[in-house]
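One structure is given below, encoded as structure tokens.
The values are calculated or read from the model by the stated rules, or taken from the named source; none is laboratory data. Model, not experiment: these values are computed from the prediction. Neighbour counts run over all protein chains shown; Cβ positions are idealised from the backbone, glycine included.
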Amino acid sequence: MQDAIKPHLMRHVVLATPDLDTLSGTLQAFLKIAPGFRNDMGAILGFRNEMMMIGSTMVELVQPVKPDHRLNHWFAENGGGGGYMIVFQTFDADAFRARAAAEKLRLTRDMLFRGQDLIQFEPARFGTHLETYRYSLPNGWWGDPVGRDYPRSGTASGIVGADVAVEAPPAEIAAQVGRLFQSPVDGARVRLVDKTIRFVPASGRRGLIAIDLTAIDPATRGHKATIGAVEWRLV
Amino acid sequence: MDRRTMLAATGAFLGTPLMAAVPGERPTRIRHYVIATHDMPFVCDQIYEVLGLPPTPRKPGPGVTEAYGFYSTMMRVGTTMLEIVQPIKPDHHLNAWLAERGGDGGYMVVAQTYDDRALIARAGAEWLKPSRDMMFKGQHMIQFDDRHFGAFFELYQYAPEDNWWGDPLNGPYGDARVASDVIGGDVAVADPAAIAAQAARLFLGEQSGNSVRFGDRTINFVPIEGKAHGLVALDLKAREQARVGDWARIGGVQFRFV
């Protein structure tokens, strides 16, 4: 019953890039935000990253530093960098696994990572990588949105939605995501508390293609910029 | 019949516990583990990613094992090899094994014996008939059935002694960033205590409860849960202390960081 009490949350988005410095700089300019926290995990995990926070949502930029890292294959398939992953929070990992099994979905990750349950689906089905954690802390995780003093954006107060381009019928994917994450579905849209994911038909490119941000200045609503092959839209 | 063979045979005949090893005899060394799957690339990709292991390059043309009806990818973690196998033809025995088990899983534990004749003698003393007793690539292979030991246990007397057909010393293998070696695993069997005792006698291990230590590796015999008999977990030495306690389920096997 814990799932019913605590709905799933969309916690963070991940963009992959061959050039972290350039992507970070462009995003900082658009979001009017100071640099985030950099982590070099090349020796063990083969990539480095930068964590930023927009409202209560994290934005992670990742760059592979080892030639064998899978992100390099993804760049080749994707035609370069882009929106790579949406990360969620579940509150009952075993129940989540059971729902995934009932949907006959294969997991590309089913593991305990740094003490936290991590479950990930094949991007071939959902367009982008969908990954969920059951965090060991009630309201915190390895990105440490609570303990760290993340810089604030002068442009946006939060992330409220995302577009994911899929090859299967968008409404079919939305329905399945709704069942997995126990979230309400409206056509091709899935509502996750304060955020909405829209599944749209892939036209040449699939995956996380757009992010909606709440504009701090109402006059900037409707502004948008394509950064890291993702459309950042102020709404 | 030499003295060692005679001792083992006598012990079995009298129904008495056998000596685990003749003084000076070297214990079996676990060399590699085999995971069977219907989708080798899917399993390999997960292992590469989770262990931070550079993919093993594929040689052009058909692989060696394709003549035997299955695909195979070898990878190395420290001094231990992992082999991922996938049947090619529907009538290959791996398909029956996968169907019986209900999906991917740990199929085999491969070890090195230093005295094949003594191993055969100990098997006879245990009333065990090897499921295979043959020369393979010039090396004596002796295999024991998974119906008895949960997973297939396959032993070789390698020549040269410090390398073998998987070529762990000189093969095109990268180093895993996340784990430094595989130091043991769990094998699910119907009667863990009895099988642990027999494995210790047969393979010259040191028994402690339902676990058997072979040099620097330990196999734990555990009860079967559901249909998942066989090799159900591997223990990997984490390079980072922060990863100790983490695990990943890949190919029906739990990779545990210790």
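For the reader, a short list of remarks on this structure follows.
- Helices (runs of 4 or more DSSP H) fully within segment A:42-124 counting 2 or more residues that are among the small types (G, A, S) and at pLDDT 95 or above: A:93-102
- Among the residues of segment A:23-41, just one is of a type in the set (S, T, N, Q) and part of a strand (DSSP E or B), namely A:N39.
- B:I219 touching a residue at least 40 places away in the same chain (Cβ under 8 Å), surrounded by fewer than 19 Cβ atoms within 10 Å (Cβ to Cβ) and more than 14 Å from chain A (Cβ to nearest Cβ): no
- Note on segment A:133-157: residues that are within 25 Å of A:F121 (Cβ to Cβ) and either small (G, A, S) or modelled with pLDDT of 95 or more (or both) total 3.
- Considering segment B:34-54, and only residues there that are buried (at least 17 other Cβ atoms within 10 Å of the Cβ), touching a helix residue (DSSP H, G or I) at 6+ places or on another chain (Cβ under 9 Å) and on the phi < 0 side of the Ramachandran plot, the residue that is nearest to the other protein chains (Cβ to nearest Cβ) turns out to be B:P54.
- Qualifying residue in segment B:77-88 (condition: among the hydrophobic types (A, V, I, L, M, F, W, C) and part of a loop (DSSP other than H, G, I, E, B)): yes
- Conditions (1) away from chain B (no Cβ under 11 Å); (2) in contact with a helix residue (DSSP H, G or I) (Cβ under 6 Å, 6 or more places away or on another chain): number failed by A:R70: (1)
- Those residues of segment A:1-57 which are loosely packed, with under 13 Cβ neighbours inside 10 Å and within 14 Å of chain B (Cβ to nearest Cβ), in sequence order: A:D40, A:A43
- Pairing each residue of segment B:241-257 that is over 14 Å from B:Y107 (Cα atoms) and at the interface with another protein chain (Cβ under 9 Å from one of its Cβ atoms) with any residue that is crowded, with 21+ Cβ neighbours inside 10 Å and small (G, A, S), provided the two are 6+ apart or on different chains, yields C-beta distances under 7 Å for B:F255/B:A248; B:F257/B:A179.
- Among the residues of segment A:203-235, those that are touching an Asp or Glu at 6+ places or on another chain (Cβ under 7 Å) and either aliphatic (A, V, I, L, M) or not in a strand (DSSP E or B) (or both) comprise A:R206, A:I209, A:A210, A:V235.
- Of the criteria (1) touching a residue at least 40 places away in the same chain (Cβ under 8 Å); (2) outside the structural domain of B:L51 (by TED's automatic domain parsing); (3) in contact with a Leu (Cβ under 7 Å, 6 or more places away or on another chain), which one B:A151 fails: (2)
- Qualifying residue in segment A:187-202 (condition: in contact with a Gly (Cβ under 7 Å, 6 or more places away or on another chain), modelled with pLDDT under 95, under 25 Å from A:L61 (Cβ atoms) and not in a loop (DSSP other than H, G, I, E, B)): no
- Residues that are within 21 Å of B:G251 (Cβ to Cβ) number at least 1 in the following helices (runs of 4 or more DSSP H) confined to segment B:90-169: B:93-101, B:146-149.
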